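All remarks here apply to the structure that follows.
The values are calculated or read from the model by the stated rules, or taken from the named source; none is laboratory data. Worth saying up front: this structure is predicted, and the values here are computed from it rather than measured. Here the Cβ is made from the backbone with ideal geometry for all residues, glycine too, and neighbour counts use every protein chain on show. Heads up: the accessible areas ignore ligands, DNA and RNA and are worked out on the full protein's heavy atoms, side chains in. Shrake-Rupley method; radii C 1.70, N 1.55, O 1.52, S 1.80 Å.
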Amino acid sequence: MDEAFWQTKWERGEIGFHEPCPNALLTRYLPALRLPAGARVFVPLCGMSLDIHWLLAQGYAVVGSELSRIAVTRLFAALGLVPHVTPLGALDRFEAGKLCVFVGNILDLTPTQLGAVDGVYDRAALIALPATMRAAYASHLVALTRAAPQLLICLEYDPSRRAGPPFAVDETMLRQYYATTFTLNRVARQSVPGGLKGACPAWESVWTLTPLQYATGP
Ligand SMILES: C[S@@+](CC[C@H](N)C(=O)[O-])C[C@H]1O[C@@H](n2cnc3c(N)ncnc32)[C@H](O)[C@@H]1O
């Protein structure tokens, strides 16, 4: 699952993952993160998601990371924003109003370039990556965001029934990636209507990841 795979998907318009409206699990469960008003939310592997429109409409500042320039150009256009583009070595930063997106490989993004974020929203990012890349992505994301709390949507299905992406990521895997940094709390689990593209039953889980140093104890 290299960069060329995703660039080709965007060039061919094969973007079945793109949802026609803001994700209902985001709009329902983001309050569980208890972000302050006007918080800065990081959306890794953001595509041109309408979730970003929704986050901006709630008054959040949004910062994204996305490989595809096609996606980011379309995202700004759909929002009626004209981005100011700044080259930053391997990345380009697109900025307008309260939206900033780094175009390029997230692994090239540094904490200094990203700046402070209050929370992370991961929909179809961790599960877009194969197992060989996931641990590196997860630890990079923690370092990048200085372990900011996350709202994370995961997908579970029998991986012998269908090849990813999206990949199945169950609780055991999630704990391998994040349990040393966060308290993991599953706030919802629901079956995917019609299964995973009709191939097999699937379930979506919504997790909140709270930094361990902030977890309240007795
Ligand atoms: C499954 S899509 C999800 C997009 C978005 N989160 C959504 O919900 O519509 C995964 C996205 O990650 C991007 N991507 C994949 N690998 C990446 C990487 N290493 N760095 C930045 N973006 C990446 C792809 O171009 C694609 O747009």
**OP:** Would you tally the residues in the range 118-132 being open to solvent by 20 Å² or more (accessible area, probe 1.4 Å) and touching a helix residue (DSSP H, G or I) at 6+ places or on another chain (Cβ under 9 Å)?
**Re:** 3
**OP:** Give the residue that is nearest to Ala125 (Cα to Cα), with candidates limited to residues of the range 2-28 that are more than 9 Å from the ligand (Cβ to nearest atom) and acidic (Asp, Glu).
**Re:** Glu14
Original post:
When Trp54 is evaluated against the numbered criteria (1) out of contact with any helix residue (DSSP H, G or I) (no Cβ under 7 Å at 6 or more places or on another chain); (2) within 16 Å of the ligand (Cβ to nearest atom), which criterion, by number, is the only one it fails?
Top reply: (1)
**OP:** Go through (1) among the aliphatic types (A, V, I, L, M); (2) outside any strand (DSSP E or B); (3) out of contact with any His (no Cβ under 9 Å at 6 or more places or on another chain) and name the single condition Met48 misses.
**Re:** (3)
Subject >> Contacts under 7 angstrom Cβ, first residue in the range 1-13 being over 15 Å from Val72 (Cβ atoms), partner part of a helix (DSSP H, G or I), 6 or more apart >> reply: Met1/Met133
**OP:** Looking at (1) open to solvent by 10 Å² or more (accessible area, probe 1.4 Å); (2) within 21 Å of Phe17 (Cα to Cα); (3) among the polar types (S, T, N, Q); (4) in contact (Cβ under 8 Å) with a residue 24 or more places away in the chain, find the lone condition where Ser191 falls short.
**Re:** (4)
Subject >> Leading residue by the ranking (nearest to the ligand (Cβ to nearest atom)) among those in the range 61-102 that are among the β-branched types (Val, Ile, Thr) and open to solvent by 10 Å² or more (accessible area, probe 1.4 Å) >> reply: Ile70
